[in-house]
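> Okay, here's the structure, questions in a sec.
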Amino acid sequence: MAGVTLRSLCRTFTDSQTGNTVDAVKNLDLEIRDGEFLVLVGPSGCGKTTTLRMVAGLEEATAGEILIGDRRVNDVPPRERNIAMVFQNYALYPHMSVYDNMAFGVRLHRLKGLAWQLSHAQEAREIKADIDRRIQDVAEQLGLKPLLDRKPSQLSGGQRQRVALGRAVVREPQVFLMDEPLSNLDAKLRVQTRAELIKLHRRLGVTTIYVTHDQVEAMTMGQRIVVMKDGLLQQCDTPLKLYHEPVNMFVAGFLGTPSMNFIGATVKRDGDGLKLDCGTFSVQWPTARGAGLQNHIDRKVILGIRPENIHDSQFVPSGVDMINGVRLNVDVIEPMGSTSTLFLTTNPVAQTEATMEVAPNTLVAVVEAATQAKERAPLDVIFDVDKAHIFDPETEQKIA
């Protein structure tokens with residue numbers, strides 16, 4: 001096993017017809033600890049798969065360094081990097097059995113051709129026996145033993161994915177690289193396979209870099225998460241730290257389902273404290289968190305609040321200050337069983353010029369399933385601003 005270090009890693013593509021360049025990955029500095037399960041997450045085109053392919057040796061880095069353990073591998077061929085990659089499309093050989101698919105890579109790596117096997121018959125037999133033992137053990141772990149004689153065409157999507165995982169595990173590499181390995185599975189199977197991957201990592205302890213665009217996968221699987229956008233690292237931290245302490249609006253909005261509400265506001269003085277004038281309503285900002293806003297009096301900001309922190313006034317959790325009550329209109333109710341998702345709007349209010357109005361804010365709230373909210377009717381809600389965030393509208397960086 002070994003950690004992975006990326007130093008000022010860049011990957012630039014050039015259009016052969018126009019000559020224009022695109023920076024897929026820009027100055028990425030990242031240290032993946034030995035035995036860590038790290039997830040790269042972000043929207044399509046953010047550079048996460050390109051980063052993974054550079055670590056694997058399938059893409060050449062334009063600049064920067066890649067270290068596996070203490071070894072610089074920029075110029076090392078993929079097969080000599082001692083990594084195993086699991087692809088989104090399984091990449092199984094259709095004419096081979098499950099057993100042979102799992103054995104192919106490790107045989108290629110350890111058995112050095114027919115001539116060598118003939119001249120080193122005893123050693124070759126021992127290697128083949130060791131490979132067979134590994135395959136049987138891994139097949140037992142992944143529930144593949146009854147399927148070892150089948151061809152990929154005889155397997156379900158979930159079974160094929162487990163074969164692809166088993167092929168990687170059998171090699172006993174220093175690093176696992178996984179490129180959206182669950183994206184082709186149905187929802188139920190994804191949940192099951194997610195749990196299997198987590199247990200497998202705990203058992204093997206191999207450094208794993210996992211790429212996904214699914215923030216649920218990222219939050220549930222990663223020991224740390226790297227959020228990327230436009231080839232740039234936005235934030236790297238533990239799942240809960242990213243969720244509760246995002247550094248900018250992109251991270252705040254990307255993690256969480258439904259995503260965070262963003263509301264334009266102006267910071268105003270309110271006696272000895274501060275309030276946020278959101279046009280159609282206002283909320284008081286906690287005094288204990290007021291220091292970060294002192295330099296933004298009478299300036300525009302963005303209030304960010306997660307749907308679960310907007311409460312039906314009849315079902316407010318203990319400890320939540322009731323001071324920030326707002327009356328909103330319920331547009332749509334989505335019952336989710338244990339909760340209900342409400343789509344809410346505020347009434348527009350007239351400005352000083354008769355021809356101008358503030359557009360209504362559209363918000364999403366996740367409330368108790370027992371809510372008495374009715375569609376096309378008003379509802380009193382409480383904003384838990386102790387868990388809200390303030391962002392700069394120009395830089396989108398967090399202010400408070």
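> Output the residue which, of all residues in the range 293-352 that are among the acidic types (Asp, Glu) and closer than 16 Å to ARG376 by Cβ, is modelled with the highest pLDDT. Quick ask: steps written out before the conclusion?
Taking the range 293-352 as the starting set, the residues that turn out to be among the acidic types (Asp, Glu) are 298, 308, 312, 321, 331, 334.
Cutting the leftovers down to closer than 16 Å to ARG376 by Cβ gives us 331, 334.
Numbers: ASP331: 93, GLU334: 96.
Here the residue is GLU334.
> Under 8 Å between Cβ atoms, which residue pairs at least 6 apart in sequence (or on different chains) link something in the range 363-382 that is without any contact (Cβ under 8 Å) to a residue 40 or more places away in the chain with a partner that is charged (D, E, K, R)?
Short answer, once both residue conditions are applied: none.
> Mind checking whether some residue in the range 189-206 is surrounded by 19 or more Cβ atoms within 10 Å (Cβ to Cβ) and on the phi > 0 side of the Ramachandran plot?
no
> Output the residues belonging to the range 265-278 that are touching a strand residue (DSSP E or B) at 6+ places or on another chain (Cβ under 7 Å) and either free of Cβ contacts under 8 Å to residues at least 12 places away in the same chain or not hydrophobic (A, V, I, L, M, F, W, C) (or both).
First pass over the range 265-278, keeping only residues touching a strand residue (DSSP E or B) at 6+ places or on another chain (Cβ under 7 Å): 265-268, 270, 273-278.
Within the range 265-278, THR266, LYS268, ASP270, GLY273, LYS275, ASP277 qualify.
> I've got another one for you. So MET228 fits all but one of (1) in contact with a Lys or Arg (Cβ under 8 Å, 6 or more places away or on another chain); (2) surrounded by fewer than 19 Cβ atoms within 10 Å (Cβ to Cβ); (3) at pLDDT 95 or above; what number is the exception?
(2)
> Hey, another quick one. Which condition does ASP321 not pass, out of (1) under 18 Å from ASN261 (Cβ atoms); (2) of a type outside the set (Gly, Ala, Ser); (3) in contact (Cβ under 8 Å) with a residue 24 or more places away in the chain, if it passes all the others?
ASP321 satisfies all of (1) under 18 Å from ASN261 (Cβ atoms); (2) of a type outside the set (Gly, Ala, Ser); (3) in contact (Cβ under 8 Å) with a residue 24 or more places away in the chain except (1).
> Scan the range 8-26 for residues that are surrounded by 14 or more Cβ atoms within 10 Å (Cβ to Cβ) and either at positive phi or not hydrophobic (A, V, I, L, M, F, W, C) (or both) and report the count.
4
> Take the range 286-313 and flag every residue that is within 29 Å of ALA370 (Cα to Cα), out of contact with any Asp or Glu (no Cβ under 8 Å at 6 or more places or on another chain) and not in a helix (DSSP H, G or I).
LEU303, GLY304, ARG306
> Mind telling me which of the residues ALA218, ALA265 ends up being assigned by TED's automatic domain parsing to the domain that holds GLY304, of a type outside the set (Ser, Thr, Tyr) and surrounded by 21 or more Cβ atoms within 10 Å (Cβ to Cβ)? Walk me through how you get there before you give the answer.
Details: ALA218 fails: assigned by TED's automatic domain parsing to the domain that holds GLY304.
Residue meeting the stated conditions: ALA265.
> Another one. When you look at ARG79, is it among the basic types (Lys, Arg), under 25 Å from the mean Cα position of the chain (by Cα) and not in a loop (DSSP other than H, G, I, E, B), yes or no?
On the way: among the basic types (Lys, Arg): yes; under 25 Å from the mean Cα position of the chain (by Cα): no; not in a loop (DSSP other than H, G, I, E, B): yes.
No, not satisfied.
> MET1 fails exactly one of the following numbered conditions: (1) surrounded by 18 or more Cβ atoms within 10 Å (Cβ to Cβ); (2) in a loop (DSSP other than H, G, I, E, B). What is the number of that condition?
Only one criterion in (1) surrounded by 18 or more Cβ atoms within 10 Å (Cβ to Cβ); (2) in a loop (DSSP other than H, G, I, E, B) is unmet by MET1, namely (1).
> Still on this model: Looking at VAL251, is it closer than 30 Å to GLU196 by Cα and either touching a Cys at 6+ places or on another chain (Cβ under 9 Å) or among the hydrophobic types (A, V, I, L, M, F, W, C) (or both)?
Yes: the conditions hold for VAL251.
The values are calculated or read from the model by the stated rules, or taken from the named source; none is laboratory data. The shown structure was predicted, so the numbers you read here are calculated from the model rather than taken from an experiment. So basically every Cβ, Gly included, is an ideal-geometry build from the backbone, and we count neighbours across all protein chains shown.
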